[in-house]
Structures are given as C-alpha cells and as structure tokens.
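Below is one structure, written out as structure tokens, with a few remarks after it.
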Amino acid sequence: MLLIDDMFSETFLKQNEITNNMKKNLLEKASVFLLKKGFTVKSLTRSCFDVLARNNERILLIKALEDANSIGREFADEMHKISAYIGATPIIIAEKASNMLEDNIIYTRFGIFTLNLGTFTNCVNNKFPLIKRTQAGLTASIVGGKLREKREQFGYSLNHLSKKVGVTSRMIAKYENEDSEVTISKAMKIYDIFGQDVFNEVNIFSRIERINASGKTEFSKKYIELGFNAADTNKAPFDIIAKKEDELILTEVGDKANPQMQSLSELLNADNLVIFKKKRPKDIPAVTKEEFMDFEKANQLIKFLKGF
C-alpha cells in the first residue's frame, strides 16, 4: 500500500510529466511552423526563453508554457531585457492562463504578449487580432480618423451613430478625435456597422523595447565604463549582454565555454566573449579577468573580438 506522501509524489510526477509533454508539443509545433516560414530556429535549455527564431530582421524570443500564469516577473523582466538588446519581440505561447486562451485574442503577462498557438501562427502570417484582454476585460482599439471617415461615408450624424452604439454623441466625437479603447460589446456594434477597417490591429511585432544599462558586477560595470550599454543576466545562456551602436557582445564568465553560444552568436550577428578567471584557451575569443579589466577603449575590445 502506498503511503500518503508517496501518493502525492506520484501524482506530482505524473502531472509534471503531462505539463512537460504539453510544453514540448507546443514548442515542436511552433518551431516546425517557423521553419516552414523561413525562420532559423535555435532551441535553448535552462533559459528564460525556449526558442530564439530569426527571419531577416524579425527576431522572436519565445517561451512556451502550459499555463502562462506559471511564469514569474523575474523571468518576464529577463525576457524584456534581452529582447531590448537584441531587437527581438518577446512572446509567450501558452494553452491557458488559468482559463483556456481564446483564438485571435491577445493577452499579456507582465507586459509580454501572450497567445495560443493558433493566434501566434496567424500573427506570423500577418493576420493580427483586433481584440486584446486588459484589466477592463476584452477591448478593441478604434482608429479615430477611420471611424469619422466611415460615419460620413454612410451619411450618419454623430447622434444617429451614438444611438446605434449605445453611447452619447459626445463619446462618438471622442472616439473620432483620438484612438480609443472600447469594450468588446461596443466594439461588436461598431464592427457590425463598419467592419474591421475602423479598428487597430494588435501587431505583436511592432513594439520596441527600451535598452537600460544596469551594470551590477565588475564586468558589466567595465563594459559601461568602456561606453557600452550593458546588463547582467541570470536566466540566459550568457552572463552579460552588451551593446554599442551595431556591436553586440554576449559574454560568459567562468572557466568553461557554453557549447550553445557559438550558434546563438551567429544567429544574432553578435560577438561572443568568455572571461576566464584562470588560464584561458587560445582557440576561442577569450580573455582572463585581468586582461578584460585592462581594456581602455571599446575599440580595443571590438578589434580583439573581430580577430576570431
């Protein structure tokens, strides 16, 4: 007979296996789809993201989860940080966030667009949703100028349209003067009258993350001293990410190079550096701690890296 603790342990292991299988299935389907769309796809382990995908200038940083609520703020902040430096879009693909994620609706988790696999594939195919879930519930964004244009084209007065939508004429005028978020019930009434042209699509690839230099270790502070933007990472294949204009450097600190880094750097058109605490090898871009701290100008470091 199983003890109670054994029963709980067995149940937990089974549930964990189911969750891992669902995540693996999501990743496989997303990766195969991206490969067919011409993306180069790099899978990673022990990272805040599972897949890095690139097609020309479009770079995606993807985390796959059964339940989007299982990701914490620390992981999300790390995805935001890395995305800013490499010019990527951070995305969470999930089955649910407590409840099942609905098709063609954009959700967010700590500021990261969150969507199910079907919605993700539609977005990659440039079929963007009109609806997103906010604290106010399901909403859509009206294009003010388009709404006015359509209203005048249909010959509706402000008062006539307001009665159809169920708001005041003053509110219709407000919608026309600025892009406004409206509830799904009002959006559906406007959609039934004018169609989708009066709404903004939720283009998940259009956001630009802002780079913040946040050096905490002596190495990232040294990068900043040399004129780079730099930040330490805790949940990535590298320890420091640094950027100066078009020069991107992924840096590891330790006495062993990560075998994933070469292909990752090539995919991002980045340089890779390993800072060894002790003796360094000569066949990879590596320096000792003392050698790194002796650099006086950014160009000296960049020239060294370009020599490999």
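Which whole-number percent is the relative contact order of the stretch 137-198 (Cα, under 8 Å, 6+ apart)? Don't skip to the end; give the middle numbers.
Details: 69 pairs, mean separation 31.6, N = 62.
51 percent.
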In whole Hz, the Karplus estimates of ³J(HN,Hα) for the stretch 283-295 (6.51, -1.76, 1.60; θ = phi - 60°; x where Gly or Pro) are 9, 9, x, 9, 9, 7, 4, 5, 5, 5, 5, 7, 4
Here Rg/Rh (Cα, Kirkwood) for the stretch 124-233 equals 1.28
Along the Cα-to-Cβ line of Glu74, 7 Å from the Cα, sits a label point; which residues in the stretch 206-226 have backbone N less than 19 Å from it?
214-217
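Report the full-extension gain for the segment Phe154 to Glu57: residue separation times 0.36 nm, less the Cα-Cα distance, to one decimal in nm.
30.8 nm
Please label the shape of the stretch 22-129 as rounded, prolate or oblate, based on the square roots a ≥ b ≥ c of the eigenvalues of the alpha-carbon gyration tensor (a/c under 1.5 means rounded; beyond that, a/b larger than b/c means prolate, else oblate).
In terms of gyration-tensor shape, rounded.
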Which of Asp197, Asp50, Asp77 moves the most in a Gaussian network model of the chain with Cα springs under 10 Å?
Asp197
DSSP-defined antiparallel bridges as percent of all bridges, the chain, nearest 5:
60
Among [x] 18.8, 54; [y] 24.4, 79; [z] 18.0, 57, find the value of Rg and Dmax of the Cα atoms in Å that was calculated from the structure presented, and write down its label.
[y]
Among 259-269, 277-287, 80-90, what's the highest-first ranking by average C-beta atoms within 10 angstrom per residue?
80-90, 259-269, 277-287
Pick from Val274, Val51, Val143: which residue has the top mean-square fluctuation in a GNM of the chain where Cα pairs under 10 Å get a spring?
Val143
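How long are the semi-axes of the equivalent ellipsoid of the stretch 182-308, defined as square roots of 5 times the Cα gyration tensor eigenvalues? Whole Å, largest first. Don't jump to the answer; show the numbers that get you there.
Numbers: eigenvalues 383, 45, 35 Å².
That gives 44, 15, 13 Å for the three semi-axes.
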Net charge dipole size for the stretch 218-306 [Lys, Arg +1 and Asp, Glu -1 on Cβ; Debye, nearest 20]:
240
Work out how much length Lys127 to Ser263 would gain on full extension: take 0.36 nm times their residue separation and subtract the Cα-Cα distance, in nm to one decimal.
45.9 nm
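Given a Förster distance of 35 angstrom, what is the FRET efficiency for Ser43 paired with Ala136, based on the Cβ-Cβ distance and rounded to 0.05? Before the final figure, lay out the partial values.
On the way: r = 37 Å, r/R0 = 1.05.
That gives a FRET efficiency of 0.40.
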Please compute the Kirkwood hydrodynamic radius over the stretch 137-198, one decimal place, Å, based on all pairs of different Cα atoms.
11.2
Would you work out the relative contact order for the chain, in percent, from Cα pairs under 8 angstrom that are 6 or more residues apart?
12
Bridge orientation stat for the stretch 218-306 from DSSP, antiparallel percent rounded to 5, came to 55
Cα centroids of the stretch 25-99 and the stretch 167-217: how far apart, whole angstrom?
24
Suppose a student asked you for the relative contact order of the stretch 22-129, using Cα pairs under 8 Å spaced at least 6 residues apart; what percent would you report?
21
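Coordinate-derived values only; no laboratory data. Quick caveat: nothing in here was measured; it's all calculated off a predicted structure. Glycine also receives a Cβ, built like all others from the backbone with ideal geometry; neighbour counts cover every protein chain displayed.
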